[in-house]
Structures are given as C-alpha cells and as structure tokens.
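Inspection log for the structure reproduced underneath, given as structure tokens.
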Amino acid sequence: MDEITPKALYLNRRQFLRAAGITSAAALLGACTTPAGTSAPSALANELTKKETALSFNNFYEFSLAKAGVAPAVGKFQTSPWTLEITGLVDKPTTFSMEQVKQKFSSTEHVYRMRCVEGWSMVLPWQGFSLADLLNEVSPKTQAKYVRFQTAALPDQMPGIGETNSFPWPYTEGLRLDEAMHKLTLLATGLYDEDISKQNGAPIRLVVPWKYGFKSIKSLIKIELTTEEPDTFWNLYAPNEYGFYANVNPAVDHPRWSQATELRIGEDQRRATLLFNGYEEVAPLYQGMDLKANF
Ligand SMILES: Nc1nc2c(c(=O)[nH]1)N[C@H]1C(S)=C(S)[C@@H](COP(=O)(O)O)O[C@H]1N2
Ligand SMILES: [Mo]
C-alpha cells in the first residue's frame, strides 16, 4: 500500500473514522470544518487489526501458552453470571454484577494500539469506560496509592492453569492510583462492537494502552486499592524481565531482545516503537522518574 494513498480510499468510512481517532459526531463535525489538510489522520493513526486475527491470536496463559491455542480452549469458561468486587481503601466497597456495570457506566468506543512486550502490536476498537468512573463511584480513601487487579483463577474452566505449576496464579496486575485514574485507562466490555470474547478477556478487562500488553489484565473479578505497590504476576515470575511500570519504551530493551521496533500484525515490515506507545499525554505521570530504573 502506497504510504501517501489517503487512508479514506482504502479503508471503509467507519474504519477510516476509527483509524483517525474520530469516534463521535461532534469530532466528525469538527474535522469537516477545519481548514483543508488539518483533518488528515496523523502518523499515529493506524488501520484496525482484522477482527479474526484479534480473536484468534491471543495471550491468555490461563488457557494456553500457545497464541492459537487460547480460543479453542475457552469453551468451559463461564463468564455469566459474573461479579466484579471493588475493595480495599475505598469508602464504598462494592460488588457489581455485570448488569449493574453496564447500566451504571456508559460505554464508548476507544481505538487503541496494543504493544505486546514480545515485540508485536495490534490496533483494537474497544468499547468501555474509564476506570476512573468506577473508582470515583467507590470513593478512594486518601491513603490509597495503588490499585491491584485480579483475574479469575478457575482450574476446572481454564486448562492452562493446571499445565504448569511454576506460574504465580492468580494473574494479578497493578497500577499507581494516578495511572489508574488517567482517562486513557479503560475497563473494556466490548471489542469490535460485540461483547468481548472469552479469549480477549470476557466479560470485563483492563486496557492500558501506553504500557506493554501484559498490564492489560483480562477477566477481572477483583480490584483492590492499597497503600503499597502490589505484587504482579509477571514481576513475581521474572523480576529482572518484567517490571511494575512496563511503560512501552524503545530505549529500554528486554534482557533477551530489543524493544526498538515492533511487528504490527498484518504488516510485513517492522516499525519503530514509540515512547509510551505514542500516548505522549501520559508523560507528566512520570516527570522526574528514571524510566530505565523503573522499567
Ligand atoms: N489474565 C490474563 N491477562 C492477560 C494475559 C494473560 O495471560 N492472563 N496476557 C496479557 C498479554 S501478555 C497480552 S499481550 C494481552 C493480550 O490481549 P489479547 O489477547 O486480547 O490481544 O493480554 C494480557 N492480559
Ligand atoms: Mo503480551
């Protein structure tokens, strides 16, 4: 595909608007009334990954260590009924049913790049809401400094859990509270305008687009606010390889491979990896912090 072919010529209109990051009627109107040239998609705007790819090439170790092995292994996973518990240092600890979640928090579309720590990336159209909406609902206490996230661990339904005993199940993740409150940090319940598939983390998962994909923990059952930095699955497993922050950073290599480039799934040449996966608006969260030491 010629680099300078206008994207509108080869994407359908909906994909084009999504790729350009234009997801609301108001933004669309704005784009139409700006002077010629300024409404073109930026270099960061990207074509969506094919839905069939996103639903069949997965990392979800509870089911399989093989990317193509996840989707065929989710058959026994019961994602309804489902509850999500918010606990710890909050004024109003609450357990929400998924019906309550969907009724209380209005979902909008967010097209995000996802960069896996393994060196590949996708562009995915999530439906969901900011985690901040949910945190504000339960009122974090002033002592709350971190957020811990936990995936369901159901060996009878998740065949990958029994395959190896070296992993520190359940899968857990963590964010600093200010990272968790950033408006880019999503709780997603949909993908490609459908309920999120089991292999992609049904019925509700975290999506943190400026961090390596492993931070975007799937099939959440519990969110806990804490004062101390929580333990996380990959950091417990290999602390020298996977840090707590895991911000996408082309200048900080994985001990076993470079992070300077990535393969966008569906493309045939590697492209440059961008600091914070291109989401520069999060840079103020890390002002004065050594990004190499806090990998
Ligand atoms: N519970 C859980 N969440 C997880 C994982 C996992 O193995 N278990 N894998 C992570 C990794 S490494 C990536 S890259 C993304 C993959 O998300 P996707 O399969 O929806 O593309 O999920 C993340 N969330
Ligand atoms: Mo990943």
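FYI, it's all coordinate maths here, none of it is from the lab. All figures in this text were calculated on a predicted structure; none of them were measured in a lab. Here Cβ is always computed from backbone atoms with ideal geometry, including for glycine, and neighbour counts include all displayed protein chains.
Compute and list, largest first, the equivalent-ellipsoid semi-axes of region 200-295 from the alpha carbon gyration tensor, each √(5λ) rounded to a whole angstrom. Mind dumping the intermediate values first?
Values: eigenvalues 102, 67, 41 Å².
The equivalent ellipsoid of region 200-295 has semi-axes of 23, 18, 14 Å.
About its Cα centre, how strong a charge dipole does region 120-189 have in debye, to the nearest 20, once Lys and Arg get +1 and Asp and Glu get -1 at the Cβ?
260 debye
Let me know the Kirkwood hydrodynamic radius for region 90-222, please, with Cα pairs as the basis and the value in Å to one decimal.
Computed over Cα pairs of region 90-222, the Kirkwood hydrodynamic radius comes out at 15.6 Å.
Using only Cα atoms, what is the ratio of the radius of gyration of the chain to 2.2 N^0.38 Å?
1.00
Compute for region 41-141: radius of gyration divided by Kirkwood radius, i.e. Rg/Rh, restricted to C-alpha atoms, rounded to two decimals.
When Rh is taken as the Kirkwood radius, the ratio is 1.03.
Given the rule -39500 (n - 2.57) for each run of at least 4 DSSP H residues, summed and divided by the residues of the chain, what is its mean residue ellipticity at 222 nm, to the nearest 500 deg cm²/dmol?
That calculation yields -4000 deg cm²/dmol at 222 nm.
In region 194-234, if the dipole is taken from +1 on Lys/Arg beta carbons and -1 on Asp/Glu beta carbons about the Cα centre, which of 207, 196, 230 is farthest to the positive end?
Most positive-ward Cα: 196.
Please give me the summed charge of the neighbours of residue 179: other residues whose Cβ is under 14 Å from its Cβ, Lys and Arg +1, Asp and Glu -1.
+2
Return one quarter of the surface area of the convex hull spanned by the alpha-carbon atoms of region 245-295, equal to its mean projected area, in nm².
Mean orientational projected area (region 245-295, Cα hull): 4.0 nm².
Which whole-Hz couplings ³J(HN,Hα) result when phi for each residue of region 149-165 is put into the Karplus expression 6.51 cos²θ - 1.76 cosθ + 1.60, θ = phi - 60°, listed in order with x for Gly and Pro?
With the stated coefficients, region 149-165 comes to 10, 9, 8, 4, 10, 10, x, 5, 10, 10, x, x, 5, x, 5, 8, 9 Hz.
Please give the net charge around residue 247, taking every other residue with its beta carbon less than 10 angstrom from that of residue 247, where Lys and Arg add +1 and Asp and Glu add -1.
On the way: positive: 211, 215; negative: 179.
In short, +1.
Starting from region 138-229, pick out the trypsin sites (Lys or Arg not before Pro) whose DSSP state is loop and whose Cβ has at most 14 other Cβ atoms within 10 Å. Display every interim value, and only then the final one.
Working: sites: 141, 145, 148, 176, 183, 198, 205, 211, 215, 218, 222; in loops: 141, 145, 183, 198, 218.
Loop-located and lightly packed - 141, 183.
Using +1 on the beta carbon of Lys and Arg, -1 on that of Asp and Glu, and nothing else charged, what's the dipole of region 47-286 about the Cα centre, debye to 20?
Using Cβ point charges on Lys, Arg, Asp and Glu, region 47-286 gives about 80 debye.
Which trypsin sites (Lys or Arg not before Pro) in region 71-113 sit in a loop by DSSP (not H, G, I, E or B) and have at most 15 other Cβ atoms within 10 Å of their own Cβ?
Numbers: sites: 76, 102, 104, 113; in loops: 76.
In loop regions of region 71-113 (DSSP not H, G, I, E or B), the sparsely surrounded trypsin sites (Lys or Arg not before Pro) are 76.
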